[in-house]
Amino acid sequence: MQRLRPFLDKHCPNPDLVSVIDGLMLACKDIANRVQLGIFSGVLGSAEQENIQGECQKKLDVISNDLIKMVLAGMPQVKGLASEEESNVVACNPDGQYLVLFDPLDGSSNIDVNVTVGTIFSILESAPEDDATYESSFLQSGRKQVAAGYVLYGPSTLLVLSTGNGTHGFALDPRVGEFFLVRENIQIPTTTKEFAINMSNYRFWDQPMQRYIDDLLQGEVGPMGKRYNMRWIASMVAEIHRILTRGGVFMYPYDSREPQKPGKLRLMYEGNPMSMLVEQAGGKSSTCRDTMMDIQPHDIHQRVSVIMGSADEVDTVVRYHQEDTKPTSKKPKAD
């Protein structure tokens, strides 16, 4: 099997970008080791503080964030970084070429119950005149990403990565501390009979989403003409990994619990990098009304509705929203 570094050297023309990905993997290997050790590494439980999102942080949230920051800040190729856990962007090397955005530990509510979590990252190019002390340098659409990926910490540690030439999967061999190519040019099945959504929020969704789910639950006797299975792990990394493995659609739509927010997930740390992986694998991603990676961001912590996965099913969800003429709520302002 081919190691990660030779694969990147062959598929990625810029050695500086390869070095940034290498640096990220150094931090992720450390996180993977701590996840595997669990209670013996002292990473379980709450850190008893909140992040910028107002969410209670787990100890491993803080540790993972610090590990990735430390590695990236010391790299000459990295001009700046932004983390879902940080209030502001962090300037690194003023001569660096890249900006790195990351969610250090997606699905951290699962840590204490030993369910899959992961790290998500997005890499953007920085113009020489950009000042990484300013958030505006990071506000680029998802189409501008030069690389995106996630590391999934589960029964095995897996890296799924794209540098714009397909989506590829790697597995960490803990015996040698190296990632090896295990899935090249991943392709998501166009159709599916599997969906992932938090059904407990049903009463808060807009009418088009409720109608879609109602029709879907009727199975083979309804308008979809087939029986679906539902999955929900509460970890976007795990949900998208399943879709990249066997197809499906993942949905976290707008709901009215906090009507001023257009969604729960973050465009820059979750929506854009996962959309790049999904699209490079032949799938689609949307906010229900707009293509995810075409959105021009206005805030580093901007939230969005998220629908992504098998292309035909995403098209169906979007069609339900396009057909809607009487939305049950006003279009929320982005926060």
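Quick note: the coordinates plus some simple rules give every number you see, no bench work behind them. Computed from a predicted structure; not experimentally measured. Cβ coordinates were reconstructed from backbone atoms using ideal geometry, including for glycine residues, and neighbour counts include every protein chain displayed.
Here are the numbers:
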{"read-out": "Prolate/oblate/rounded call for the range 4-183, Cα gyration tensor, a/c under 1.5 rounded", "value": "oblate"}
{"read-out": "Number of Lys pairs (Cα under 22 Å; 8 or more positions apart or on different chains) in the range 4-183", "value": "8"}
{"read-out": "Relative contact order (percent, whole number), the chain, Cα cutoff 8 Å, 6+ residue spacing", "value": "15"}
{"read-out": "C92, C12 arranged by Cβ crowding within 10 Å, fewest neighbours leading", "value": "C12, C92"}
{"read-out": "Virtual spin-label span in nm between S109 and M199, 7 Å along Cα→Cβ", "value": "1.7"}
{"read-out": "Tensor-based shape of the range 120-243 (alpha-carbon gyration tensor, a/c under 1.5 rounded, otherwise prolate or oblate)", "value": "oblate"}
{"read-out": "Whole-angstrom Cα spans of the range 118-165 along principal axes, big to small", "value": "43, 25, 16"}
{"read-out": "Cα-projected label distance for N229 with Q322, points at 7 Å along beta-carbon direction, nm", "value": "3.1"}
{"read-out": "Whether the range 202-293 is rounded, prolate or oblate, judged on the alpha carbon gyration tensor where a/c under 1.5 counts as rounded", "value": "oblate"}
